[in-house]
Structure formats: C-alpha cells, structure tokens
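In what follows, a structure is listed as structure tokens, so that the remarks can point back to it.
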Amino acid sequence: MSEVTTFEDLEVWKRGCNLTVDIHVALAESKDFALRGHMERSSLSIPSNIAEGAERDSTPEFIRFLRYSKGSCGELRTQLYVAERIRNRLGAPPMEGSKEMIQETRELSKMLQGLINSLNRRIESNLSSPASSKHPK
C-alpha cells in the first residue's frame with residue numbers, strides 16, 4: 001500500500017469524485033430540477049467533505065467530516081432509489097447506471113467507515129501511550 005500524504009491519495013476520495021461525475025452525467029438531461037439538484041449536491045458533498053476534513057489538521061475533525069461524507073452517501077442512495085421509483089411510476093426506463101451508482105454508494109460508505117475505524121484506533125492508541133499525556137491533541 002502506498003503512503004497517503006494528502007486527501008488526493010485516498011481511494012475513497014477518488015471514487016467519490018468519479019461518482020459525482022457519473023451522477024452529473026446521468027442527470028444532465030433530467031427535467032426534475034429539484035431532485036436533480038439535490039442529487040448533484042449530495043454526490044458532490046461526498047468527496048468535498050473528505051477533502052475538507054483532511055485539510056483540518058485534526059484527526060477528530062477529519063473523522064467528523066468523514067461521517068458527514070458517509071451521511072451524504074446514504075442521502076444519495078435514498079435519492080437514487082426515489083428517482084428509480086419515480087421513473088418506474090411514470091413508465092420511463094431506469095436511469096442508466098442507477099444500480100451501479102447505488103452499489104458504489106454502499107461501497108463508499110464501507111470504505112469511509114473503515115477509515116473512521118482506523119483513525120479512531122489511532123486516537124485510542126495515542127491516548128494509551130505514555131507520550132500522549134505530554135502532547136494531547
């Protein structure tokens with residue numbers, strides 16, 4: 001595994017950016033401007049919160065923003081389900097790539113939770129070491 005030095009090195013951030021592009025492309029012709037706009041904002045929030053949290057220079061802050069990002073994954077997944085139901089009720093074909101995008105939100109959520117767990121373990125490890133009492137974060 002390569003060294004992570006910036007948020008741009010994180011696979012979860014890269015995949016979040018790709019999902020954002022996929023959502024924008026899939027919805028480019030949508031006339032449902034309210035749902036479209038909300039889905040675009042939710043998707044953009046996923047990598048944006050990862051980046052914002054990473055730039056805070058504080059592990060607890062980073063974790064907080066990763067949780068926001070994870071929440072945005074759930075929000076976007078719900079919106080994708082609702083969009084599918086709307087299209088179905090209208091007799092329209094499913095949105096291209098919808099199933100894959102739903103699966104990607106699940107995978108991103110798992111990746112984010114794994115990163116959160118890893119960072120929490122690092123905090124706990126630092127708290128239990130003797131040096132941590134001299135330099136609290």
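Since every read-out is calculated from the coordinates, none of them should be taken as a lab result. These numbers were taken from a predicted model, which means no experiment stands behind them. When we count neighbours, we look across all protein chains shown, and the Cβ atoms used for this are built from the backbone with ideal geometry, even at glycine.
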Estimated 222 nm signal from helices in the chain, with DSSP H stretches of n ≥ 4 weighted -39500 (n - 2.57), rounded to 500:
-26000 deg cm²/dmol
The exposure ranking of Cys17, Cys73, fewest beta-carbon neighbours within 10 Å first, is Cys17, Cys73
Within segment 22-47, list the residues whose amide N lies under 19 Å from a label point set 7 Å along Cα→Cβ of Glu100.
22-30, 40, 43-44
Calculate I(q)/I(0) for segment 1-132 by the Debye formula, one identical point scatterer on each C-alpha and no solvent, and give its log10 at q = 0.15, 0.20, 0.22 Å⁻¹ to two decimals.
-0.71, -1.08, -1.25
Counting only pairs 8 or more places apart or on different chains, how many lysine pairs in the chain have C-alpha atoms closer than 21 Å?
7
